[in-house]
Amino acid sequence: MENISISPDVVFFILGFIPITSSHIALFFITMALTLISVYFYLTASLVPTGLQVVLEGVYEWFMEKASAAFPDQKRAERALALIMTFFLVIIFANLFGLLPIINSIVVHLSSGQAVSLFHTPTSHLSMTLAFTLITLTITHVTALMIKPLKYIGNFFKIGGILKARSFGGFAKAILEFLLGLLDIVGEIAKLISLSCRLFGNVLAGELMVVVIMSLTVATQFIFPMPFIILGIVSGIIQAIVFSLLSLNYISLAMASVEE
């Protein structure tokens, strides 16, 4: 825990110039763990569910309810569910990864003699949360463009009113609508910043809080951090839910803007 930093350590390079950091390695192991868990539950699921299966089915049904409310079309709801459930599972595992015992204490020694951490909580690195957000926004815009490209572009570049204006008042109103459309572009950039920084900031703050408490004295290394660790677990779950539902909301609003 004492090795937590904003920037993850570079463990090795691919082709001599592509850095692979401790965040990448941690995310790789998280992805493999989720894959194995998914295969296990697919093979062992039964009509008489176990306790853990009931919990997973409850989470699935809760997200399915949210997706169905956002998308009246059942096929679209199921496609959106696959995305937001993936986000939820990956993010919640990534958020809680740094709370596992000894994980952040594992180090490797490079050929240069430098000791670096092998694992770093993926969501406490801004590049990771930016990547998740870029996936959301890319799917949002591409999906809307595939439905009605001209209408969706027209939501941001509102020049139709300017071409149809026949009076000074109508022209002034059209100019205002055009400027508001440009502000919507700024709003899309703000989504990228706010969604990624919210997840990054909350996870990093939780880890740093535990580090600060544990580094005060020897007496604070065992009992005192427990409430903050529990708070970090709750916060990690909430942030995973918030990110997933906001992603669902962005996609549904973009599709609604181009449909009757």
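Dipole of the chain computed with +1 at Lys/Arg Cβ and -1 at Asp/Glu Cβ about the Cα centre; of Phe12, Asn249, Tyr40, farthest Cα towards the positive end is Asn249. Summing Cβ point charges (Lys, Arg +1; Asp, Glu -1) relative to the Cα centre of the chain gives a dipole of roughly 840 debye. Between the listed residues Leu180, Ile30, Ile147, the Cα displaced farthest toward the positive end of the dipole of segment 10-256, a dipole computed from Cβ unit charges relative to the Cα centre, is found at Leu180.
Less than 5 angstrom separates the built amide H of Phe71 from none of the residues sequence-distant by 5 or more or on a different chain. Using R0 = 25 Å, the C-beta based FRET efficiency linking Met209 and Phe28 works out to 0.40. A protection proxy built from the mean count of other Cβ atoms within 10 Å ranks the segments 64-72, 52-60, 226-234, 122-130, most packed first, as 122-130, 64-72, 226-234, 52-60. Placing unit charges on the Cβ atoms of the charged side chains and taking the dipole of the chain about its Cα centre, the candidate lying farthest along the positive direction among Thr121, Ile84, Val54 is Ile84.
Modelled spin labels at Tyr42 and Val10, positioned 7 Å past Cα toward Cβ, are 3.7 nm from each other. Fully extending the segment from Ser194 to Phe157 would add 11.0 nm, taking 0.36 nm per residue of separation and subtracting the current Cα-Cα distance. Extending 7 Å from the Cα toward the beta-carbon at both Leu176 and Asn249 defines two label points whose distance is 2.7 nm.
Residues considered: Phe87, Phe28, Phe119. Largest GNM mean-square fluctuation over the chain, using C-alpha springs under 10 Å, is found at Phe28.
Computed 3J(HN,Hα) for segment 246-259, one whole-Hz value per residue from the Karplus formula 6.51 cos²θ - 1.76 cosθ + 1.60 where θ = phi - 60°, is 5, 4, 4, 5, 4, 5, 5, 5, 5, 5, 5, 6, 10, 10, glycine and proline marked x. Using R0 = 25 Å, the C-beta based FRET efficiency linking Thr86 and Ile106 works out to 0.40.
Taking amide H as placed 1.01 Å from N in the peptide plane, the amide H of Val11 sits under 5 Å from that of Ile20, Thr21, Ser22, each at least 5 places away or on another chain. Converting phi to 3J(HN,Hα) with the Karplus coefficients 6.51, -1.76 and 1.60 and the offset θ = phi - 60°, segment 191-198 yields 4, 4, 6, 5, 5, 6, 6, 4 Hz in sequence order, with x at every glycine or proline.
Per-residue ellipticity at 222 nm from helix content only, as computed over the chain with -39500 (n - 2.57) for each DSSP H run of at least four residues, stands at -24000 deg cm²/dmol. Assuming charge only on the beta carbon of Lys and Arg (+1) and of Asp and Glu (-1), the dipole of segment 15-87 about its Cα centre is about 180 debye to the nearest 20. Karplus-based coupling profile of segment 55-62, in residue order and whole Hz: 4, 5, 5, x, 5, 4, 5, 5, with θ = phi - 60° in 6.51 cos²θ - 1.76 cosθ + 1.60 and x standing for Gly or Pro.
With Cα atoms as the point set, the radius of gyration and Dmax of the chain evaluate to 22.9, 77 Å. Measuring r between the beta carbons of Gln53 and Met226 and using R0 = 35 Å, the FRET efficiency lands at 0.75. In this structure, the amide hydrogen of Val107, modeled 1.01 Å from its nitrogen in the peptide plane, lies closer than 5 angstrom to those of Leu118, counting only residues at least 5 positions away or on a different chain.
Readers should treat all values here as calculations from the given coordinates under stated rules, not as data from a laboratory. Model, not experiment: these values are computed from the prediction. Please note: Cβ atoms are built from the backbone with ideal geometry, for glycine as well, and neighbour counts cover all protein chains shown.
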